[in-house]
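Colleague: Would you mind keeping the following structure in view while I ask a few things?
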Amino acid sequence: MEKFKRVSLGDREILEGLILSLEPCSCEMNFLNIYTWENAYDTHWCMWDGFPVIWFRKLGIILFPGGKSPEKMPSAELLKTISDTMKRAGFPVYFNQVPECYLELHPEISEYFRAEQMAEEFGEYLYSVEKLAELRGGKLSKKKNLISQ
């Protein structure tokens, strides 16, 4: 098993660079959130076959260790290896924030894992600058009403 270590401020430079290079587009995959929640979730990390693996130990969650584009995604075999290794060590985990396109590119993943759509209450709250500037559409109507008030 790769050697996990607790997230510390000293890890900022390496983790921030790795995370930004993956272009994850996830509120969880940024150094500030990972570090801020370190005590609450007992957050650890390591490099595994060139991918940053972020583990929220108290939740049993590993953030998907790749990016949005196919060339920045781990193989299905790597995810299986990580999962099997963690289970053998007594830490059953599941992967969070797996992109839909990853599941489409790797249909063989169903041999190892069950993928479920994330509940809507856990959805992302990241918005583009353009959408926030214009506040068009029903999805942003509450925000527009608050600003108008």
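Colleague: Restricting to the chain, compute how many DSSP beta bridges are antiparallel as a %, nearest 5.
Modeller: Looking only at bridges with both residues in the chain, the antiparallel portion is about 75 percent.
Colleague: Translational diffusion coefficient of the stretch 1-53 at 4 °C, 1.567 mPa s, Stokes-Einstein with Kirkwood Rh over Cα pairs, in µm²/s as a whole number.
Modeller: 114
Colleague: Take the chain, mark every one of the trypsin sites (Lys or Arg not before Pro) that falls in a DSSP loop and has at most 13 other Cβ within 10 Å, then report the longest stretch left between them, sites excluded.
Modeller: By the stated rule (loop sites, at most 13 other Cβ atoms within 10 Å), 59-113.
Colleague: Kindly flag which residue pairs out of LYS3/LYS72; LYS5/LYS139; LYS72/LYS144; LYS72/LYS131 have an alpha-carbon separation exceeding 30 Å in this structure.
Modeller: Violating the 30 Å limit, Cα to Cα: LYS5/LYS139; LYS72/LYS144.
Colleague: Using the Cβ atoms and a cut-off under 15 Å, what net charge is assigned to the surroundings of PRO107, where Lys and Arg are +1 and Asp and Glu are -1?
Modeller: With Lys, Arg at +1 and Asp, Glu at -1, the neighbours total -3.
Colleague: Counting other Cβ atoms within 10 Å, keep those with at most 16, restrict to DSSP loop, and tell me which GluC sites (Glu not before Pro) in the stretch 73-117 are left.
Modeller: For GluC sites (Glu not before Pro) across the stretch 73-117 that sit outside H, G, I, E and B with at most 16 neighbouring Cβ atoms in 10 Å, the list reads GLU116.
Colleague: Let me ask something additional. Using a ≥ b ≥ c from the Cα gyration tensor of the stretch 8-93 (square roots of the eigenvalues), is it rounded, prolate or oblate, where a/c under 1.5 gives rounded and otherwise the larger of a/b and b/c decides, a/b for prolate?
Modeller: oblate
Colleague: Per residue and in cubic angstrom, what volume does the convex hull of the Cα atoms of the chain have?
Modeller: Per residue, the Cα convex hull of the chain comes to 146 Å³.
Colleague: Note down the net charge around ARG136, summing +1 for each Lys or Arg and -1 for each Asp or Glu among other residues with Cβ under 15 Å from its Cβ.
Modeller: That sum, taken over residues with Cβ under 15 Å, equals +3.
Colleague: Leaving out ligands, DNA and RNA, and with a 1.4 Å probe, what % of the accessible surface on the stretch 1-100 is carbon or sulfur?
Modeller: 53
The values are calculated or read from the model by the stated rules, or taken from the named source; none is laboratory data. Treat the numbers as computed from the prediction; the structure is a model and nothing was measured. FYI the Cβ positions are ideal-geometry reconstructions off the backbone, even for glycines, and counts take in every protein chain you see. SASA here: full protein model, heavy atoms, side chains in, ligands and nucleic acids out. Shrake-Rupley method; radii C 1.70, N 1.55, O 1.52, S 1.80 Å.
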